[in-house]
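Beneath this line is the structure, given in C-alpha cells, with notes to follow.
The values are calculated or read from the model by the stated rules, or taken from the named source; none is laboratory data. Remember, predicted model here, so these are calculated numbers, not experimental data. Cβ placement follows ideal geometry from the backbone for every residue including glycine, while neighbour counts extend to all protein chains displayed.
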Amino acid sequence: DTEVTQTPKHLVMGMTNKKSLKCEQHMGHRAMYWYKQKAKKPPELMFVYSYEKLSINESVPSRFSPECPNSSLLNLHLHALQPEDSALYLCASSLRGDTIYFGEGSWLTVV
Amino acid sequence: GESVGLHLPTLSVQEGDNSIINCAYSNSASDYFIWYKQESGKGPQFIIDIRSNMDKRQGQRVTVLLNKTVKHLSLQIAATQPGDSAVYFCAENSNAGNMLTFGGGTRLMVKP
C-alpha cells in the first residue's frame, strides 16, 4: 500500500487568513515532501523533511511554514498568502529518498 | 542548470495502438528515473522506474527504455486504452539528495 493522505482536498482562503494543509503516511517512510504545482506545469519542490528534520527548503517564502510533528505527519502552515499562491499542493513520501509517492493534493485558492 | 525535458507536449493516439513518450535529461549524474502518470485533478501516480545500470525495464503494458549515451528516456505503453489518457512526467533523481527533478510533461490523448 503506497498511500499518502492529504486534507483538505479543497481550501479557499483570504489573504489575511491562517490555514494549514495536512499530510499523513503510515508506510514507515522517513522522507516527506511538499511540492507546489501550477496548472499545466510539473510539480516544483518546496520542502524536504528527512527523519523529521527539515533538510531542504527551496527558497520558499516565509508565508509558507512547514512542520513535521512526527514521522507520519507533515503540515504546511499558510499565512498572508497571495492570489498567485493558488495552486495544487502535493505531499509526498519516500522510504529511502529514491521512489517518491504522492498524495492526491490539496487545491488551494487564495482570494 | 540541470534539467529534464520532454520532446512533445501532446501525443494523440488511437485506442489499441502503442504509445511512446520521450524524455531527455541533461544531468549525467542522474542514476534513477521515474515515470509518473497524472490524471486530471489527481496527484502524480508512480508508473515505473529504472536505475542507470539498466537499459530496459518492463511492467504491465509499460516499458521504460534508458539510453545513457544520449541521455534519453522513453515510456512505451502497449495497447493504449482510454484510461491511459493523462499527463505523463519523467523525473530524475541523482544520488546527491532526496529530490526529484521533473520534466515538463506530455499529455497523452487516446482516441476511441
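Computed quantities for the displayed model
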{"read-out": "Set A:L90, A:L76: member being under 25 Å from A:G28 (Cα atoms), within 12 Å of chain B (Cβ to nearest Cβ), assigned to a strand (DSSP E or B) and within 14 Å of the chain's Cα centre (by Cα)", "value": "A:L90"}
{"read-out": "Looking only at the stretch B:33-53, and only at residues there that are more than 10 Å from chain A (Cβ to nearest Cβ) and out of contact with any strand residue (DSSP E or B) (no Cβ under 7 Å at 6 or more places or on another chain), the one that is surrounded by the most Cβ atoms within 10 Å (Cβ to Cβ)", "value": "B:N53"}
{"read-out": "Qualifying residue in the stretch A:21-38 (condition: more than 14 Å from chain B (Cβ to nearest Cβ) and touching a His at 6+ places or on another chain (Cβ under 9 Å))", "value": "no"}
{"read-out": "Selection within the stretch B:57-112 - in contact with a helix residue (DSSP H, G or I) (Cβ under 7 Å, 6 or more places away or on another chain) and in a loop (DSSP other than H, G, I, E, B)", "value": "B:P112"}
{"read-out": "All positions within the stretch A:50-70 that are over 14 Å from A:L108 (Cβ atoms) and in a strand (DSSP E or B)", "value": "A:S50, A:K53, A:L54, A:S55, A:I56, A:N57, A:S65, A:P66, A:E67, A:C68, A:P69, A:N70"}
{"read-out": "When residues of the stretch A:3-49 are limited to those that are part of a strand (DSSP E or B) and of a type in the set (G, A, S), the one modelled with the lowest pLDDT", "value": "A:A31"}
{"read-out": "Residue that is crowded, with 20+ Cβ neighbours inside 10 Å and away from chain A (no Cβ under 14 Å), where the choices are B:L73, B:L65", "value": "B:L73"}
{"read-out": "Pairs where the first residue, in the stretch A:42-53, is more than 11 Å from chain B (Cβ to nearest Cβ) and the second is in a strand (DSSP E or B), C-beta under 8 Å, 6+ apart", "value": "A:E52/A:C68; A:E52/A:N70; A:K53/A:C68"}
{"read-out": "Which numbered condition B:G105 misses (of (1) within 12 Å of B:N22 (Cα to Cα); (2) surrounded by fewer than 19 Cβ atoms within 10 Å (Cβ to Cβ); (3) at pLDDT below 95)", "value": "(2)"}
{"read-out": "Residue that is touching a residue at least 40 places away in the same chain (Cβ under 8 Å) and closer than 23 Å to B:I34 by Cα, where the choices are A:L90, A:L76", "value": "A:L90"}
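Residues checked against (1) touching a Ser or Thr at 6+ places or on another chain (Cβ under 9 Å); (2) modelled with pLDDT of 95 or more:
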position: B:Q45; (1), (2): no, yes
position: B:I48; (1), (2): yes, yes
position: B:D55; (1), (2): no, yes
position: B:Q60; (1), (2): no, no
position: B:T63; (1), (2): yes, yes
position: B:N67; (1), (2): yes, yes
position: B:A78; (1), (2): yes, yes
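Residue by residue, here is whether (1) in contact (Cβ under 8 Å) with a residue 24 or more places away in the chain; (2) in contact with a Phe, Trp or Tyr (Cβ under 9 Å, 6 or more places away or on another chain) holds:
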| residue | (1), (2) |
| --- | --- |
| B:G43 | no, yes |
| B:I47 | yes, yes |
| B:K68 | no, no |
| B:Y88 | yes, yes |
| B:P112 | yes, no |
